[in-house]
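Asks: Once you've had a glance at the structure underneath, I'll fire off some questions.
The values are calculated or read from the model by the stated rules, or taken from the named source; none is laboratory data. Source: prediction; values computed, not measured. So basically every Cβ, Gly included, is an ideal-geometry build from the backbone, and we count neighbours across all protein chains shown. The protein model used for the area step is the full one, side chains on, heavy atoms only, and it has no ligands, DNA or RNA in it. Shrake-Rupley method; radii C 1.70, N 1.55, O 1.52, S 1.80 Å.
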Amino acid sequence: MVASAENSTTNYRQQYGYIEDIGDGRGYTAGIIGFTSATGDLRQVVRRYVRLKLNHNGLRRYLPALRRVNGSAAHTGLGPGFVKAWHQAAKDPQMIRAQDTILNRQYLRPVLKAAKQDNLSPLGQYIYYDAIVVHGPGEDSQSFGGIRRQAKRLAKTPRQGGNQADYLRAFLQARAKVMKRERAHKDLSRLNVQRQFIKNKNYQLKRPLSWRMYGDAYRLK
């Protein structure tokens with residue numbers, strides 16, 4: 001479901017080789033959940049891959065450039081050669097392992113821990129995961145931690161005795177304000193999909209699931 005918004009597909013396992021600059025100020029966006037050169041997690045993936053495959057690794061030479069462009073949208077020292085090397089590396093099981101490791105460590109496990117703390121359903125877990133993929137795992141007001149903190153000011157979590165629908169709507173309300181500040185994320189289609197699932201009370205995400213993302217129709221049987 002996250003991949004339908006990120007890559008216009010539900011086949012997320014085919015996205016390891018994805019890479020492009022989408023013009024959001026984060027430089028290159030690449031891989032299964034869109035690691036970026038500006039936020040540093042793309043560099044972490046490459047570093048992990050180099051540790052797993054020290055020799056004959058076409059991405060190893062780009063580590064210094066990835067360090068230099070961290071925090072900016074620059075492509076200095078990267079460019080077409082880096083894109084080609086990324087595509088080639090994505091065919092390697094060790095690269096898949098590297099991406100999965102960083103995804104689990106920085107995104108999936110923290111989200112599942114937070115959702116458990118707040119006593120959220122699978123729908124809540126999906127809403128949290130989509131948010132951390134887009135906004136990152138930080139604690140500032142623009143990141144997942146800050147959005148979650150603001151949501152708790154607006155409504156009680158189920159763990160605190162609140163109604164899950166009210167809390168999830170509050171979370172999306174807090175997230176929408178952040179998204180509207182970013183040129184690349186002003187389209188709130190992904191939030192509208194999540195609001196619809198809340199309205200349908202499909203907290204367990206029972207299949208079949210049907211939704212529209214950025215004008216395209218998707219279905220999971």
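Asks: Along the Cα-to-Cβ line of Arg67, 7 Å from the Cα, sits a label point; which residues in region 28-44 have backbone N less than 17 Å from it?
Replies: Residues passing the 17 Å test: 37-44.
Asks: Now for a separate question. Are there any chymotrypsin sites (Phe, Trp or Tyr not before Pro) in region 122-221 that are in a DSSP loop and have at most 15 other Cβ atoms within 10 Å? List them by number.
Replies: Values: sites: Tyr126, Tyr128, Tyr129, Phe144, Tyr167, Phe171, Phe197, Tyr203, Trp211, Tyr214, Tyr218; in loops: Tyr203, Tyr214.
In loop regions of region 122-221 (DSSP not H, G, I, E or B), the sparsely surrounded chymotrypsin sites (Phe, Trp or Tyr not before Pro) are Tyr214.
Asks: Rounded to the nearest 20 Debye, what is the dipole magnitude of region 76-169 about its Cα centre when Lys and Arg each give +1 and Asp and Glu each give -1 at the C-beta?
Replies: Using Cβ point charges on Lys, Arg, Asp and Glu, region 76-169 gives about 240 debye.
Asks: At 222 nm, what value in deg cm²/dmol follows for the chain if DSSP H runs of at least 4 each add -39500 (n - 2.57) and the sum is divided by all its residues, to the nearest 500? Can you show the working numbers first?
Replies: Working: 10 runs with 107 residues, N = 221.
Counting only the DSSP helices, I get -14500 deg cm²/dmol.
Asks: In the full protein assembly as shown, how much of Arg48 is accessible to a 1.4 Å probe, in Å² to the nearest 10?
Replies: 60
Asks: Pull up the cross-link candidates among the aspartates and glutamates for Lys186, meaning alpha carbon to alpha carbon under 19 Å and not fewer than 8 places away within one chain.
Replies: Glu6, Asp21, Asp24, Asp130, Asp216
Asks: Specify whether the C-alpha gyration tensor of the chain places it in the rounded, prolate or oblate class, a ≥ b ≥ c being the square roots of the eigenvalues: rounded for a/c under 1.5, otherwise prolate if a/b is larger than b/c and oblate if not. Write out the running numbers ahead of the final one.
Replies: Details: a/c = 1.95, a/b = 1.76, b/c = 1.11.
It is prolate, given that a/c is not under 1.5 and a/b is the larger ratio.
Asks: Now for a separate question. Under the rule a/c < 1.5 gives rounded, and otherwise a/b versus b/c splits prolate from oblate, where does region 29-107 land using the Cα gyration tensor? All intermediate terms of the calculation are to be shown ahead of the outcome.
Replies: Numbers: a/c = 1.62, a/b = 1.15, b/c = 1.41.
Verdict is oblate for region 29-107.
Asks: A further question follows. Measure up Lys113/Lys177; Lys177/Lys199; Lys113/Lys201; Lys84/Lys180; Lys152/Lys199; Lys177/Lys201 against 26 Å on the Cα-Cα distance and list the ones that go over. Provide the component values of the computation, followed by the final result.
Replies: Details: Lys113/Lys177 24 Å; Lys177/Lys199 20 Å; Lys113/Lys201 23 Å; Lys84/Lys180 33 Å; Lys152/Lys199 20 Å; Lys177/Lys201 24 Å.
Beyond 26 Å between Cα atoms: Lys84/Lys180.
Asks: Once you order the gyration tensor axes a ≥ b ≥ c over the Cα atoms, which shape class does region 119-221 get: rounded for a/c under 1.5, otherwise prolate or oblate by comparing a/b with b/c? Mind dumping the intermediate values first?
Replies: On the way: a/c = 1.97, a/b = 1.13, b/c = 1.75.
Cα axes put region 119-221 in the oblate bin.
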